[in-house]
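The values are calculated or read from the model by the stated rules, or taken from the named source; none is laboratory data. This structure is a prediction, so every number in the text was calculated from the model and none was measured. Counting neighbours? That spans all protein chains shown, and the Cβs are built from the backbone with ideal geometry, glycine included.
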Amino acid sequence: MPSARPAPRPTVDPHTTGPARAHDVHDVLVVGGGPSGAACAYWLADAGWDVVLVEKKRFPREKTCGDGLTPRAVRQLQDMGLEGALAGAHRYEGLRSCAYGMSLELRWPSHPSFPSHGYVITRHDLDQLVVERAAKAGATVWQETEALEPILDPDRGLPAAALSAATPRTRRADAAAGGAGAALAPCTGAVVRHRPTGTTREVRARYVVVADGANSRFGRALGTARDRSYPLGLALRGYYRSPRHDDPFIESHLDVRDEHGRVVPGYGWIFPLGDGRVNVGVGLMSAEGRWKGVNTGKLMAAFLANAPASWELSPAAACGPATGGKLPMGFAVGPRWGPTAVAIGDAGGSINPFNGEGIAYGYETGRLAAACVGAALRGGGADALAEYERRLTDAYGLYYKVARHFVGLISRPRLMQACVWTGMHSQPIMATLLRIMANLMRPDELGAAEVAYAALASIGLVTPPDGTAGRVSP
Ligand SMILES: Cc1cc2nc3c(=O)[nH]c(=O)nc-3n(C[C@H](O)[C@H](O)[C@H](O)COP(=O)(O)OP(=O)(O)OC[C@H]3O[C@@H](n4cnc5c(N)ncnc54)[C@H](O)[C@@H]3O)c2cc1C
């Protein structure tokens, strides 16, 4: 039965406002208040649903990230009414691409749906803005509240049988192929712990959204797994004081080398924050276990030592120790839907393998999930959640497949060097690549990027990604 759309509720903390009623069943429980969870909670609350978001940290909080927002992310923030709140953040115009002593400045292209600018803003500030927006729209936000384990309800549909019938391997392949034969375990809430007091309680909901990030312990408890044949990003970042803190371009270096001087698949970045600091990092793509042994700390040290002197980067300019994390990409994680739950953002492996961007895809998958959960609440039930997987495939399936091919190619150092060397001699080639890699192809025009992508996609349609021949692949 669809519930009536309730009036937005104020943000309350059940741990400080007295014991919540045990029989309360919310429309939706969102686990995690990063970009994906906060955006999903915002869209659900904006539609009038009774949504509770639990977040284990207290915001604002640090989150390891490059802090770079592309036009795709800005579009989502605009749609949530938040671009005005970014006024204090550093707005930038495009990407300076550097390699082998050459550098090219590439402005963000014009596009009918996306702006031609981005921002660099710490996650400390950005994530707070979106969670506040969700709360203002009516979501109930419980901070310092950790979802310890799901409340499972085997009576909610068949998928428990589907789960037990499938091996982990077939489930992963199945999930990556569209989730037809695998599903998240039926879940109707979570046992949560309020960290300051240590009290635990049950939070029940008709639908649950898993948005607990790359490590996703909650998602694992519902049956998600990462397909290890898919590429995985590993990245490290730190903040540095720099005289070029307000540079109008973000900078990426495509010839990052390990301690043996080998060029590795990935890039180094310098993203200006406009507040006296720059965010500096290195990211590495590991495909089929290759490059896994590379020490990102040593990569970072080598990158800092070789970065253009004008940035004045040195250990003495560091604002603190560098921190790192994993980037599950290309829908490496599945299943992403079940009869009562969906997984979004990094919990669903949604990062773009071309460039390691995950914030925009967290917002976008959160929004898509909100639409499907809303349809489920209006009476569509599990079928509406299955639609989430279909819509993901429609929106990103082919693009991510092409991107995974790309990562397979750049894992071969000679090929990567040849491509970068050729590209760096041609502004049009790099501008084309930027449009493809940032997923900013135009739907209304057939330009160089669109033609090049169509060619790549036609190869991608007939060839399995490197090393995956013979297995089910999207
Ligand atoms: C070094 C590095 C650099 C990156 N740079 C960029 C970049 O420049 N631009 C970009 O677009 N992307 C970048 N990314 C990727 C980006 O950070 C992620 O894709 C993005 O954070 C995903 O958002 P999310 O909401 O899915 O997960 P998260 O941001 O990880 O949010 C998950 C939230 O869930 C909470 N949580 C976890 N478990 C629980 C639980 N059990 N109960 C309650 N709460 C819980 C966490 O505290 C966290 O707040 C980078 C990643 C790394 C590691």
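Annotations for the structure displayed:
- A single entry from GLU251, GLU259 fulfils the requirement of being in contact with a Lys or Arg (Cβ under 8 Å, 6 or more places away or on another chain) and either away from the ligand (no atom under 16 Å from the Cβ) or without any contact (Cβ under 8 Å) to a residue 12 or more places away in the chain (or both): GLU259.
Yes/no per residue for (1) more than 17 Å from VAL280 (Cβ to Cβ); (2) crowded, with 24+ Cβ neighbours inside 10 Å; (3) touching a Cys at 6+ places or on another chain (Cβ under 6 Å):
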position: ALA214; (1), (2), (3): yes, no, no
position: ARG217; (1), (2), (3): yes, no, no
position: LEU232; (1), (2), (3): yes, yes, no
position: GLY238; (1), (2), (3): no, no, no
position: SER242; (1), (2), (3): no, no, no
position: PHE249; (1), (2), (3): no, no, no
position: ASP255; (1), (2), (3): no, no, no
position: GLU259; (1), (2), (3): yes, no, no
position: VAL263; (1), (2), (3): yes, no, no
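- Within the range 335-354, the set of residues being in a strand (DSSP E or B) and buried (at least 24 other Cβ atoms within 10 Å of the Cβ) comprises TRP337, ALA341, VAL342, ALA343, ILE351.
- Flag if ALA332 is touching a strand residue (DSSP E or B) at 6+ places or on another chain (Cβ under 6 Å), surrounded by fewer than 17 Cβ atoms within 10 Å (Cβ to Cβ) and in contact (Cβ under 8 Å) with a residue 12 or more places away in the chain: no
- Pairs where the first residue, in the range 64-87, is within 23 Å of ALA214 (Cα to Cα) and aliphatic (A, V, I, L, M) and the second is part of a helix (DSSP H, G or I) and more than 12 Å from the ligand (Cβ to nearest atom), C-beta under 7 Å, 6+ apart: VAL74/GLU83; LEU77/GLU83; LEU77/LEU86
- Matching residues, the range 285-304, being of a type in the set (Gly, Ala, Ser) and in a helix (DSSP H, G or I): GLY297, ALA301, ALA302
- Selection count where residues are away from the ligand (no atom under 14 Å from the Cβ), over 26 Å from the mean Cα position of the chain (by Cα) and either buried (at least 24 other Cβ atoms within 10 Å of the Cβ) or hydroxyl-bearing (Ser, Thr, Tyr) (or both), scope the range 198-212: 1
- Applying the criterion of at least 1 residues that are surrounded by fewer than 16 Cβ atoms within 10 Å (Cβ to Cβ), in the same structural domain as SER216 (by TED's automatic domain parsing) and modelled with pLDDT of 95 or more to the strands (runs of 3 or more DSSP E) found wholly in the range 82-153 leaves 145-152.
- Residue in the range 305-324 that is assigned to a strand (DSSP E or B), over 19 Å from PRO35 (Cβ atoms), of a type in the set (A, V, I, L, M, F, W, C) and within 16 Å of the ligand (Cβ to nearest atom) present: yes
- Qualifying residue in the range 364-375 (condition: free of Cβ contacts under 8 Å to residues at least 24 places away in the same chain, surrounded by fewer than 18 Cβ atoms within 10 Å (Cβ to Cβ), out of contact with any His (no Cβ under 7 Å at 6 or more places or on another chain) and over 28 Å from ASP127 (Cβ atoms)): no
- Exactly one residue out of ARG367, ARG378, ARG391 is under 17 Å from VAL209 (Cβ atoms), within 15 Å of the chain's Cα centre (by Cα), more than 10 Å from the ligand (Cβ to nearest atom) and assigned to a helix (DSSP H, G or I), and it is ARG367.
- Close pairs from the range 203-227: first assigned to a loop (DSSP other than H, G, I, E, B), partner charged (D, E, K, R), Cβ under 8 Å, at least 6 apart: GLY213/ASP346; ALA214/LYS326; ALA214/ASP346; ASN215/LYS326; SER216/ASP346; GLY223/ARG171; THR224/ARG336; ASP227/ARG172
- Filtering the range 93-119 to residues that are more than 21 Å from the chain's Cα centre (by Cα) and of a type in the set (Phe, Trp, Tyr) leaves only TYR100.
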